[in-house]
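The values are calculated or read from the model by the stated rules, or taken from the named source; none is laboratory data. Since this is a predicted model, take the numbers as computed values, not measurements. Cβ coordinates were reconstructed from backbone atoms using ideal geometry, including for glycine residues, and neighbour counts include every protein chain displayed. Each accessible area value is taken on the protein alone, full model and side chains, heavy atoms only, with ligands, DNA and RNA left out. Shrake-Rupley method; radii C 1.70, N 1.55, O 1.52, S 1.80 Å.
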Amino acid sequence: MEHYNTEQKIQEFIANIEAKNPNEPEFLQAVKEVANTVIPFIATHKEYDGMKLLERMAEPERTIIFRVPWVDDAGEIQVNRGFRIQMNSAIGPYKGGIRFHPTVNLSVLKFLAFEQTFKNSLTTLPMGGGKGGSDFDPQGKSNMEVMRFCQAFMTEMCKYIGPETDVPAGDIGVGAREIGYLFGQYKKIRNEFTGVLTGKGLAYGGSLIRPEATGYGVVYFCEQMLKTIGQEVKGKTFAVSGFGNVAWGVVKKVNELGGKVVTISGPDGYVYDEDGISGEKVDYLLQLRASGNNRAEDFAKKFPSAKFYAGKRPWSVKCDVAIPAATQNELFLEDAQTLVANGVICVTEAANMPSTLDAINYFLDNKVLFSPGKASNAGGVATSGLEMTQNSIRLNWSSEEVDARLKEIMIGIHKACRDYGTEEDGYVNYVKGANIAGFVKVAEAMLAQGVV
Ligand code: GLU
């Protein structure tokens, strides 16, 4: 009876979210994953039951949608759409990245903002959840076009953000260059130099280790996961997807800890290199990206041991550990089946929601170590939190200090997942652990602050 009631509550909750947010499949996917694990927890905790906490968390506090008009190099007027989702400010100012990519829409940004709330809570730092972006595609644009776009975007967004209100950062398509232009425009309009953005350059308030932080954090988390079964990174084979900052940080840290990365991927396909992607290959990856090139094929051309597979993802490659580090929904049920058949022991998500719900369930059913991005990729935003601290105290910490804090935070998140996610047979369900641990802090703050 008890079970039936909880199941029914989940179904009713999902039906309501579905009805309120039609045509938002990514948002619904992210909410479902949380509802399946958090609603049973709420049902057994009287202080939370009936307070509509998850219902409130699934409704953004504020959604801002705006026009971004700008002029391209040919003198033609372009019109993009800008967004900022201010999801939840119960535990701190809204915090989360800005994504510039043609696939950006309300559904994608709401899923990201929803996950960000739980992720930021897991870091233990005082940051609420937010996300923003535009359907603008920086690929193939000149520097000056990117600058004019960023200025136009910030001219509107600056009305809604601030160091105590909402602190955006980078995400896909928004790196050091874009953050620089966005910061410059904010400073010009508001006439104030503040830590309103993170991921800033070192010359104007950025933090050491921030570029590497997401990837490093993922590998620190993976190290902890492997430790639970008496294993380590050293000697393991890793399949990594993605070609951006996150993948780069992952590859660097896996190499440092003695693992071997055999794949990376771009939008055009993946590269398999049985000798391992290390040394000058890692530098070349960075070099290609800096020149605005994210084609895996161009990477493969440079090294004889690297083979390029057009239009495919790397999940058919035999590996011990898989790290999806590209984007949402890049690992499907059939990929999960192939990975498990090939003996994968650990899947550590580095992107946000890279695995579909049925892929996740397949890993969990097969008792593979599996961590959701909101836990294992939290090192990026955690280091953004450390950048905010350094800005507030007007000091810069050394790489060693930032890295040590990052590692400590990742170990803490892993422990929180274990505390809330360990099942009767000892298997750690990191999805359940991350969702419940992330929920509890936000829920406590919301209860304390009343119905607002
Ligand atoms: N976009 C990153 C994320 O998905 C980082 C956000 C931030 O640093 O605020 O967590």
query: So is V402 more than 17 Å from T214 (Cβ to Cβ) and modelled with pLDDT of 95 or more or not?
result: no
- prompt: Which strands (runs of 3 or more DSSP E) sit wholly inside the stretch 69-156 and have at least 2 residues that are under 30 Å from Y220 (Cα atoms) and of a type in the set (A, V, I, L, M, F, W, C)?
  reply: 77-88, 94-100
message: Please pick out the residue among G206, G195, G242 that is in contact with a helix residue (DSSP H, G or I) (Cβ under 6 Å, 6 or more places away or on another chain) and within 16 Å of the ligand (Cβ to nearest atom).
response: G195
message: Name the single residue that is most open to solvent (accessible area, probe 1.4 Å) among those in the stretch 86-106 being more than 17 Å from V442 (Cα to Cα), within 16 Å of the ligand (Cβ to nearest atom) and touching a helix residue (DSSP H, G or I) at 6+ places or on another chain (Cβ under 9 Å).
response: H101
Test set (1) within 16 Å of the ligand (Cβ to nearest atom); (2) in contact with a strand residue (DSSP E or B) (Cβ under 8 Å, 6 or more places away or on another chain) - V347 fails condition number: (1)
- request: Residue by residue through the stretch 229-241, note down the ones that are closer than 13 Å to V321 by Cβ and surrounded by fewer than 21 Cβ atoms within 10 Å (Cβ to Cβ).
  value: I229, Q231, E232, K234, G235, K236, T237
- request: State which residue pairs qualify: first residue open to solvent by 60 Å² or more (accessible area, probe 1.4 Å) and inside the stretch 51-64, second residue assigned to a loop (DSSP other than H, G, I, E, B) in any location, beta carbons under 7 Å apart, and separation of 6 or more residues or different chains.
  value: E61/S89
query: Got a sec? Which of N396, N429 is in contact with an Asp or Glu (Cβ under 6 Å, 6 or more places away or on another chain), more than 18 Å from A351 (Cα to Cα) and more than 16 Å from the ligand (Cβ to nearest atom)?
result: N429
task: Within the stretch 176-228, track down each residue that is of a type in the set (V, I, T), part of a helix (DSSP H, G or I) and surrounded by 21 or more Cβ atoms within 10 Å (Cβ to Cβ).
output: I179, T214, V218, V219
- request: Output yes when any residue across the stretch 14-25 is open to solvent by less than 60 Å² (accessible area, probe 1.4 Å), at pLDDT below 95 and closer than 28 Å to E423 by Cα, and no when none is.
  value: no
- prompt: Which residue out of N396, N435 is in contact with a helix residue (DSSP H, G or I) (Cβ under 8 Å, 6 or more places away or on another chain), among the polar types (S, T, N, Q) and under 16 Å from R210 (Cβ atoms)?
  reply: N396
field: Tally of residues being open to solvent by 40 Å² or more (accessible area, probe 1.4 Å), within 16 Å of the ligand (Cβ to nearest atom) and touching a Phe, Trp or Tyr at 6+ places or on another chain (Cβ under 9 Å) across the stretch 118-154
entry: 0
task: Give me a count of the residues in the stretch 163-192 that are without any contact (Cβ under 8 Å) to a residue 40 or more places away in the chain, more than 12 Å from the ligand (Cβ to nearest atom) and not basic (K, R).
output: 10
- prompt: Among the residues of the stretch 21-46, how many are assigned to a helix (DSSP H, G or I) and closer than 21 Å to Q116 by Cα?
  reply: 17
